[in-house]
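Notes to accompany the following structure.
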Amino acid sequence: MNINLPWQKSLKNGTKVNLDRMRLSEQNAVRALLNQIIIEDQTYPQNQPLSEVEFAAYWMTHDAFVVTADDETAATPEEILGAFYLKPNFPGRCSHICNAGFIVQPSMRGQGIGRLMGQGMLEIATLQGYTAVMFNLVFANNTPSSYGNPWDFR
């Protein structure tokens, strides 16, 4: 199904952002952010930063999305504020169950980017025909996620 992106949203502080498909030109920036997160050693299972090939095999196999600033007052409007992938968790008869992984720029944590990506992922997953989401692991020491529950949509 064709999804009409980008979506313009506002963060808690009023900053306007775009949620869009990740472009090839953004791949190195997203890999650098993921590697920064991996080095923090709290949220992803990898033991070391990913090479370009490893990143492509892990993050780029299906759909990948980014959040960038869309505010004329932003110092770097093209900076990747957050990113996520969306892919089937299983093949074949169970491919209706998706999996997603999220990363947020450390300096932007607590601003609602995780919530925005979680809500966006659920909407996109539904539009793509997924009927369930399964998260394979969430580490107990994932302190960045403690800035708020992105799944609490009240």
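If you go through region 99-113 and pick out every residue that is of a type in the set (S, T, N, Q) and surrounded by fewer than 17 Cβ atoms within 10 Å (Cβ to Cβ), you end up with 1.
Residue pairs whose Cβ atoms lie under 6 Å apart, sitting 6 or more positions apart in sequence or on different chains, and linking a residue in region 1-28 that is over 14 Å from M121 (Cα atoms) to a partner that is of a type in the set (S, T, Y) and surrounded by fewer than 17 Cβ atoms within 10 Å (Cβ to Cβ), are K16/S10. Here T126 clears all of (1) modelled with pLDDT under 90; (2) part of a helix (DSSP H, G or I) except the condition numbered (1).
Could you identify the single residue in L116, L50, L137 that is buried (at least 17 other Cβ atoms within 10 Å of the Cβ), more than 21 Å from N4 (Cα to Cα) and either at pLDDT below 95 or not acidic (D, E) (or both)? Don't jump to the end; show me each part of the working.
Details: L116 fails: more than 21 Å from N4 (Cα to Cα); L137 fails: buried (at least 17 other Cβ atoms within 10 Å of the Cβ).
Selected residue: L50, the only one of L116, L50, L137 that is buried (at least 17 other Cβ atoms within 10 Å of the Cβ), more than 21 Å from N4 (Cα to Cα) and either at pLDDT below 95 or not acidic (D, E) (or both).
Within region 69-94, the set of residues being modelled with pLDDT of 95 or more, out of contact with any helix residue (DSSP H, G or I) (no Cβ under 8 Å at 6 or more places or on another chain) and buried (at least 20 other Cβ atoms within 10 Å of the Cβ) is empty.
Under the condition of being of a type in the set (K, R) and farther than 16 Å from W59 by Cβ, which residue from region 1-26 is surrounded by the most Cβ atoms within 10 Å (Cβ to Cβ)?
K9
In region 35-46, what residues are modelled with pLDDT under 90 and not in a helix (DSSP H, G or I)? Passing the criteria: D41, Q42, T43, Y44, P45.
Within region 47-63, the set of residues being part of a helix (DSSP H, G or I) and either without any contact (Cβ under 8 Å) to a residue 40 or more places away in the chain or among the β-branched types (V, I, T) (or both) comprises E52, V53, E54, F55, A56, A57, Y58. Per the conditions (1) under 26 Å from E40 (Cβ atoms); (2) in contact with a strand residue (DSSP E or B) (Cβ under 7 Å, 6 or more places away or on another chain); (3) free of Cβ contacts under 8 Å to residues at least 24 places away in the same chain, the sole criterion not satisfied by Q105 is (3).
Scanning region 27-47 for residues that are surrounded by fewer than 18 Cβ atoms within 10 Å (Cβ to Cβ) and of a type in the set (K, R) yields no hits at all.
The values are calculated or read from the model by the stated rules, or taken from the named source; none is laboratory data. Note that the structure is a prediction, hence the values are computed from the model and not measured. Backbone-built Cβ (ideal geometry, glycine too); neighbour counts: all protein chains shown.
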